[in-house]
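As structure tokens, the structure follows; a few thoughts come after it.
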Amino acid sequence: MSKVASGKSTASKAKLLDEFNASIMFDKELYLQDIEGSIAHVKMLSKQNIISTEAKEKIINGLHVIQKEIEDGEYEFNIADEDIHMSIESRLSALIGDDAKRMHTARSRNDQVALDFRMYVLKSNKELVELLLELERVLVDIASKHTKTLLPGMTHLQHAQPINFAYHMLAYTSMFKRDIERLEESHKRNNISPIGCAALAGSPYPTDREYEAKLLGFDSVSINCLDTVSDRDFALEILFNISTMMMHISRLSEEIILWSSSEFGFVELSDEYSTSSSIMPQKKNPDVPELLRGKTGRVNGNLISLLTVLKGLPLAYNKDMQEDKEGVFDSVKTAKISVKILSEALKGMSVDEEAMLRATKKGHLSATDLADYLTANCEYTFRDAYKLTGEVVAFAEERKKDISELNLEELQKFESNIKEDIIDTLQLESSMNARNSQGGTATCSTLVQLEYFANWLKSR
Ligand code: ARG
């Protein structure tokens with residue numbers, strides 16, 4: 001028997017090889033997919049009269065025993081078995097004897113690992129979608145309370161125009177909705193069965209790939225076996241989708257970190273989701289958003305890592321591909337806990353509307369409204385209006401006032417045709433509500449967006 005088929009090595013040199021070659025330490029994560037895949041496989045083999053009904057029953061019963069052993073923590077994962085596929089087969093042999101050897105008919109570990117890993121990724125896509133939907137509900141809930149809460153909208157991290165806090169939260173709701181759509185589109189694209197491709201060229205047995213695919217919940221069967229056993233696009237897609245989602249989480253985290261500083265003071269994380277300093281007793285640190293921001297780096301690394309592993313591989317399977325799993329497992333786990341903890345942290349976050357309003361009064365956020373007013377009512381070209389507004393801002397600065405706090409007399413010194421209605425125009429709330437175009441920040445436009453997301457969530 002070859003070394004691999006026997007799963008045993010003798011020399012110490014070979015022990016080192018076992019350690020290096022094995023994936024069992026991490027691919028045991030795939031035990032359930034492996035068992036489900038094998039059950040479907042022997043059902044197909046028996047239906048096609050490739051193995052007997054008795055052999056099928058014995059194998060399935062044995063696999064159920066193994067599943068229970070693993071879940072009860074009684075199973076021994078042995079490095080000499082190399083990977084989860086060999087491990088389960090060798091345990092099955094010990095449990096039921098020679099019939100176990102029939103299970104691997106008309107398949108290879110190449111299509112087996114492609115199946116298990118794909119099933120894991122598809123399941124993870126769905127789990128992530130569920131978690132993201134919960135995050136969306138939290139964001140929409142926060143938004144529903146703040147359609148009139150003013151805060152400075154920024155560009156270049158400089159005060160730009162007044163917006164409301166719901167509008168800001170709904171920007172993130174939009175991002176996470178795209179993340180959900182990407183995960184679902186990827187699920188749809190990749191819900192194709194690889195099993196039955198065998199080593200690389202298909203199999204000489206009278207198999208029924210369609211039947212096996214159906215048992216496992218796939219939409220269809222892959223077209224070309226050579227591609228199928230070499231394909232890890234589904235894994236790259238979840239890595240990219242997670243990286244993009246974590247980038248969104250990281251941007252929101254960055255804002256929460258800024259907003260919870262004393263310079264901003266816009267929000268406060270609950271004590272439950274903050275940490276303290278080991279030396280400075282007065283401190284409350286935003287470790288949760290900082291870690292979320294930090295973990296984004298690692299998931300990006302996992303994406304680049306797999307792209308790099310795959311880029312030079314000739315068809316079909318190469319052992320390099322065993323390096324595909326750890327990064328995906330890591331990214332999936334990181335993504336799941338990240339979405340969960342972000343939802344929880346947001347639920348407990350308090351919003352200081354007063355602090356947001358105070359900040360909105362800094363930076364002459366309604367300056368554009370004065371320029372628009374001069375253009376619309378005083379026969380200015382926009383450029384001339386822009387210039388005059390600059391002079392008004394400088395004047396307000398000198399008086400240590402915000403432009404929204406100037407009175408009519410002060411404004412008329414610059415342009416006598418300015419009327420009483422300018423006072424209301426320059427109020428921050430009016431400025432926010434003036435931007436009532438579709439998708440704009442006006443409370444009425446924000447409410448339309450809020451309803452859109454609420455309806456979408458209801459339909460889910
Ligand atoms: N442990 C292997 C992996 O994860 C399984 C496939 C092994 N196939 C082979 N021909 N050596 O990639």
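Annotation for segment 10-88 versus segment 184-199: alpha-carbon center distance of 21 Å. With all pairs of different C-alpha atoms in the average, the Kirkwood value for the hydrodynamic radius of segment 294-335 is 10.9 Å. Of the listed residues Val140, Val448, the order by accessible area with a 1.4 Å probe, largest first, is Val448, Val140. The angle between the Cα long axis of helix 12-21 and the main principal axis of the chain comes to about 40°, on a 0 to 90 degree scale.
Between Lys126 and Arg298, the distance separating the two model label sites (each 7 Å from Cα on the Cα→Cβ line) works out to 2.7 nm.
Scattering from segment 367-453 was approximated by placing one identical point on each alpha carbon and applying the Debye formula without solvent; log10 I(q)/I(0) at 0.17, 0.19, 0.21 1/Å stands at -0.71, -0.83, -0.95. Over the Cα atoms of segment 1-156, each weighted equally, I'd like the Debye log10 I(q)/I(0) at q = 0.14, 0.16, 0.17 Å⁻¹, rounded to two decimals. Listed by q, the Debye log ratios stand at -0.77, -0.94, -1.04. Taking the longest Cα principal axis of the chain as reference, the axis of helix 443-458 is set at about 20 degrees. Annotation: the antiparallel percentage among DSSP beta bridges lying fully within the chain is about 80. FRET efficiency for the Gln158 to Met247 pair, using the beta carbon distance and R₀ = 30 Å, is estimated at 0.85. With 0.36 nm allotted per residue and the present C-alpha distance subtracted, the Asp384-Lys333 stretch has 12.7 nm of extension available.
Ordered from largest to smallest accessible area (heavy atoms of protein chains, 1.4 Å probe), the residues Leu183, Leu95 come out as Leu95, Leu183. Residue ranking by accessible heavy-atom surface, 1.4 Å probe, largest first, among His156, His41 comes out as His156, His41. Straight-line reach from Lys361: taking Cα to Cα under 30 Å and skipping same-chain neighbours fewer than 8 places apart, the lysines in range are Lys145, Lys148, Lys283, Lys284, Lys347, Lys387, Lys400, Lys401, Lys413, Lys419.
Helix 165-190: angle to the longest alpha-carbon principal axis of the chain, degrees 0 to 90, nearest 10? Roughly 20 degrees between the two axes. Out of every Cα-Cα pair in segment 79-230, what percent are more than 20 Å apart? Result for the distance tail: 65 percent. One way to sum up the overall shape of segment 244-365 is the equivalent ellipsoid from its Cα gyration tensor, whose semi-axes run 39, 16, 11 Å, largest first. Across the chain, counting alpha-carbon atoms alone, Rg and Dmax equal 30.6, 100 Å.
Solvent-accessible surface (1.4 Å probe) assigned to Ile70 amounts to roughly 30 Å². Checked against a 19 Å cut-off, the cross-linked pairs Lys56/Lys101; Lys28/Lys188; Lys123/Lys336 give Cα-Cα distances beyond that limit for Lys28/Lys188.
The longest part of the chain holding none of the exposed loop GluC sites (Glu not before Pro), meaning those outside H, G, I, E and B in DSSP with at most 15 other Cβ atoms within 10 Å, is 77-262.
The values are calculated or read from the model by the stated rules, or taken from the named source; none is laboratory data. All figures in this text were calculated on a predicted structure; none of them were measured in a lab. Glycine also receives a Cβ, built like all others from the backbone with ideal geometry; neighbour counts cover every protein chain displayed. When the accessible area is computed, the model is the full protein with side chains, heavy atoms only, and any ligands, DNA or RNA have been set aside. Shrake-Rupley method; radii C 1.70, N 1.55, O 1.52, S 1.80 Å.
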